[in-house]
Structure formats: C-alpha cells, structure tokens
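The values are calculated or read from the model by the stated rules, or taken from the named source; none is laboratory data. Keep in mind that this is a model prediction, so the values were computed, not measured. Positions of Cβ are generated from backbone atoms using ideal geometry, with glycine treated the same way; all protein chains shown enter the neighbour counts.
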Amino acid sequence: MKYNWAFVGCGGIAHGMAEAIQALGGSIYAVAGRTPAKTEKFAEQYGVQQVYHDCGEMLRDPKVNIVYIATPHDVHFEYVKEALQNGKHVLCEKPFTVNARQLEEVRALAAEKGVVLMEAMTIFHMPLFWKLRELINAGAIGKVKMLQIHFGIRREFDPNSTCFQKERGGGALLDFGVYAVAFARWFLEESPDVILTLPEYTEGGVDEQSGILFKNRLGQMGVLSITMCAAHPQRAVGMVSGEKGCIEVSDYPRAEKALLYRADGTKEEICVGEGAKALQYEALNMEACISGEQENFTLPLSCDVMNMLTAIRNQWGLQYPFE
C-alpha cells in the first residue's frame, strides 16, 4: 500500500527524509512550514502535491496517512499531539519530546486512537543494531556487564542556535546526547534504576557537557560522556563489554559496522546495512508497523530513553521555561 506522507518542517533533516521516501518509491503528499518561500521551494524540489501554511489545516486533511515531524524539539509535543488527535500515524524526529510526562501523554493518545507513534531514532532502526542484539542474545560476548559511550560535537557559540537557547530546550543532552542514551538502552536488558550525573553549563544555562553513570537491577553498568565544548573528532564511540568479549561501534547513530572482540583474542568485523540508508530504514519500519507486518517495539525503548533523560535533568535541576 502507498501511504500519503505529510511533513511538518522542511529543514535539513526533512530533506534527508524526503530523499529517503523517494528512493523507496514513495511520495510526499503535503508539507507545512513556517516560512512560505522555504516551504514552496521544498515542495517544488520533491514534487509535493499540497503546500499548507496552516499546519492545523494539513493535519486535518483526510488524505494524510503519516505525519513526519522535523521541527526543533521544543515544539515536537504540540505537533505530535495535534496529529494524533486527527487520527494520523506519527513519525517524530528525536528527541521525541522534552520530558517523560509529555511522551506518556502522547503515547496514551496514540493507543486511544489506534495509530502508530514512532521516534525517528536511527539507532533503533539500523540493521547493524538488530544484528548485534541477535549476536548478544546468542551469547557472542556473554552477559553484558559494562557500557562505555562517548558522543562529542564541538559547537562554536551561536546565540541564534537553538542548541544554546534554554527557552528552546537547548543543550548537549537533548540535542545529541539522546543518541548516547538510546545506544545504552538498546543493549541493556532493562532500564537503569540508579543514575548519577554531573553537568557543566554554558553562560545561558544549558548543559554543554556531562558525565553520567548508571546501573540497573541486573548489575549492568554504564558510563556516558557527552560534550559540545571540547575539541575532538566529530564522532561517537560505544563499547559493549560482556563476560566473554566486547563489541565496539564507531559513529553509532548511523553505524554500519562494528568490531567483535572475543576473549580468545580473535576479532571479527560485523557489517550490516548502509549508513546512507538510515532514514530509509526508519520509513520502512514505520510503514511496516502501520501495515501490521511488524510490532512497534521501538516505542517502549523511546519511552525508557525519555525517562532516563528526564531523570538526568531532574538531578541537575534543569527545567526549560516552557515546561
């Protein structure tokens, strides 16, 4: 079945998703954006049938099947909620919302409306991560005991960037630290029940770096370091250590390969999927859940991640003005 996709927002990530949907033979039915000229240009570039300058009107269009939300994350909640209220399936960019309360509200609403609600979190959709979980479940590294995860992006201060604006939900944790937390949750058997963390703030009051230590009831532990102020290669590295070996994943948000180190000293490279197709995997999984071919198993993981992010910010005492 061909689905009519509608986009809220037409920034950089929206262009990536538009290309992904077209590569899969799909089409974008509608788009809504805040800037008319930019929205019209996006529609022309991707052959979008309907252009709306009133997002609410688009979300009420009965021809729309799936709404893809690609706005800054401080307004995710309101757009997700409105789309669900109109009975639309929703794929929303990360982070899903800015706190656990918001996500629980829209999760309940999606269940009430009988529609699919999914986060466009690449880690949950890349074939490599599915393969690594399969290997771990088969005992490739024994029981997972320790996770070490780093994600850093050096950002020059820009007062006009949402990343530095507290009133827009800025900070390293929600901007890209969410990937590190999602990586951790993917490999844990259950969510942490103990979290210890220490942040450093910008002059504007958003987190610029942090260290996070966590442990769950099964004794699985992890250490996360997240920074947007230290000079280093723009990359993410995750290490999953078990009783019989470990797995290293580099550039993990769209990873296509990993190294498996065994206790006997042997090493194996695991290559599955293509990083360039990351958004295609998201779109395919979304449509598969709508058609009933696959269970929407990523939503509970997204909720666990948001619970962790919220617990971390609660420890910091960091609340955004709009919460």
Report task. Report whether or not S241 is under 25 Å from the mean Cα position of the chain (by Cα), at negative phi and either surrounded by 15 or more Cβ atoms within 10 Å (Cβ to Cβ) or hydrophobic (A, V, I, L, M, F, W, C) (or both). Result -> yes
Query - In the stretch 244-268, residue surrounded by the most Cβ atoms within 10 Å (Cβ to Cβ) [restricted to those that are closer than 18 Å to F183 by Cα and hydroxyl-bearing (S, T, Y)] - result: Y252
Report summary line: (1) surrounded by fewer than 15 Cβ atoms within 10 Å (Cβ to Cβ); (2) of a type in the set (A, V, I, L, M, F, W, C); (3) assigned to a helix (DSSP H, G or I) all hold for M1 apart from (3)
Requested in this report: Select from the stretch 285-323 the residues that are in a loop (DSSP other than H, G, I, E, B) and among the aromatic types (F, W, Y) and write down the one among them that is nearest to E93 (Cα to Cα).
Outcome: F297
Report task. Go through A37, A30, A20 for me and flag whichever is within 20 Å of E82 (Cβ to Cβ) and either assigned to a helix (DSSP H, G or I) or touching a helix residue (DSSP H, G or I) at 6+ places or on another chain (Cβ under 7 Å) (or both). Result -> A30
Query - Those residues of the stretch 266-299 which are of a type in the set (G, A, S) and over 17 Å from the mean Cα position of the chain (by Cα), in sequence order - result: G273, A288, S291, G292
Query raised in the report: Tell me, which residue of the stretch 293-323 that is under 10 Å from M118 (Cα atoms) and either β-branched (V, I, T) or loosely packed, with under 14 Cβ neighbours inside 10 Å (or both) is modelled with the lowest pLDDT?
Result: F297
Query raised in the report: Filter the stretch 215-235 for residues that are within 17 Å of S250 (Cβ to Cβ) and more than 20 Å from the chain's Cα centre (by Cα); which is modelled with the lowest pLDDT?
Result: P233
Report summary line: Note: among F164, F157, F151, just one is surrounded by fewer than 17 Cβ atoms within 10 Å (Cβ to Cβ), under 23 Å from G205 (Cβ atoms), of a type in the set (F, W, Y) and at pLDDT below 95, namely F157
**Report entry** Subset of the stretch 269-292 (residues that are free of Cβ contacts under 8 Å to residues at least 24 places away in the same chain, surrounded by 14 or more Cβ atoms within 10 Å (Cβ to Cβ) and not hydrophobic (A, V, I, L, M, F, W, C))
**Finding:** E274
Report task. Among what's in the stretch 85-98 and is farther than 18 Å from A283 by Cβ and buried (at least 21 other Cβ atoms within 10 Å of the Cβ), pick the residue that is nearest to the chain's Cα centre (by Cα). Result -> P95
Query raised in the report: So which of E112, E40, E82 is surrounded by fewer than 22 Cβ atoms within 10 Å (Cβ to Cβ), among the acidic types (D, E), touching a Cys at 6+ places or on another chain (Cβ under 8 Å) and at pLDDT 95 or above?
Result: E82
Query raised in the report: In the stretch 5-37, which residues are among the charged types (D, E, K, R) and modelled with pLDDT of 95 or more?
Result: E19
Query raised in the report: How do the pairs read when you match residues in the stretch 39-58 that are on the phi > 0 side of the Ramachandran plot with residues anywhere that are outside any helix (DSSP H, G or I), using Cβ under 7 Å and keeping only pairs 6 or more apart or on different chains?
Result: G47/S27
